[in-house]
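Asker: Encoded as structure tokens, here's the structure I'll be asking about.
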Amino acid sequence: MGFWLLKLGVALLLTYLGVKALNNLFPSVRPFIVDGIAPLTPHGNDPSFPSSHAADAAVMAYFIWSLRKDWGIVAFGLVGLIGTGRVLGHLHYPIDIVGGVVLGALTSYLVLKFWPRKLT
């Protein structure tokens with residue numbers, strides 16, 4: 001279990017770095033700033049693309065799915081709820097959520113595919 005948690009930690013770290021890189025490559029203003037309305041929760045004005053919440057949630061959902069498909073389906077459903085809440089809260093555009101989910105799932109896939117199952 002400890003080795004699995006290490007892989008999860010690496011995937012989350014790589015996802016964080018990917019989010020920061022994409023923030024710099026595609027700086028986008030958050031919806032609450034563009035629309036001139038207060039967000040549902042207080043938030044800074046850092047770039048909105050991609051959503052780090054959606055990316056991190058997708059990493060965790062992908063890892064759960066890799067262990068148990070039935071729980072993974074539920075976990076990805078929760079990712080959808082998180083993304084919906086972020087859009088309804090005027091913190092993200094839908095494309096920010098999609099970008100975060102794709103980044104998180106892709107990072108998880110790559111970590112699980114190319115990291116050996118056991119240390120030799």
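Read-outs throughout are calculated quantities, based only on the coordinates presented, and are distinct from any laboratory measurement. A quick note: this is a predicted structure, and the numbers were derived from the prediction, not measured. Cβ placement follows ideal geometry from the backbone for every residue including glycine, while neighbour counts extend to all protein chains displayed.
Asker: Out of every Cα pair in the chain, what percent are spaced more than 25 Å from each other?
Answerer: Value for the chain: 26 percent of Cα pairs lie more than 25 Å apart.
Asker: Now, a different point. Loop only by DSSP, 13 or fewer other Cβ within 10 Å of the Cβ. Give me the trypsin sites (Lys or Arg not before Pro) in region 20-91 that pass, ordered by residue number.
Answerer: Listed in order of number, the matching sites are R68.
Asker: On a full-extension model of 0.36 nm per residue, what is the gain between I33 and L81, subtracting their alpha-carbon distance, rounded to one decimal in nm?
Answerer: Answer, rounded to one decimal: 15.0 nm.
Asker: Which residue fluctuates the most in the chain, going by a Gaussian network model with Cα springs under 10 Å, if the choices are L106, L13, L91?
Answerer: Maximum among the listed residues: L13.
Asker: Another one. If the cut-off is 19 Å between C-alpha atoms, which lysines fall inside it for K113, apart from same-chain ones fewer than 8 positions away?
Answerer: K7, K69
Asker: Would you mind getting the Kirkwood hydrodynamic radius of region 10-77 from its Cα pairs, rounded to one decimal in Å?
Answerer: Computed over Cα pairs of region 10-77, the Kirkwood hydrodynamic radius comes out at 13.5 Å.
Asker: Counting only Cα atoms, I'd like the Rg/Rh figure for region 71-120, Kirkwood definition for Rh.
Answerer: Expressed as Rg/Rh, it is 1.14.
Asker: Still on this structure: Could you give the angle, 0 to 90 degrees to the nearest 10, between helix 52-67's Cα long axis and the longest principal axis of the Cα atoms of the chain?
Answerer: 30 degrees
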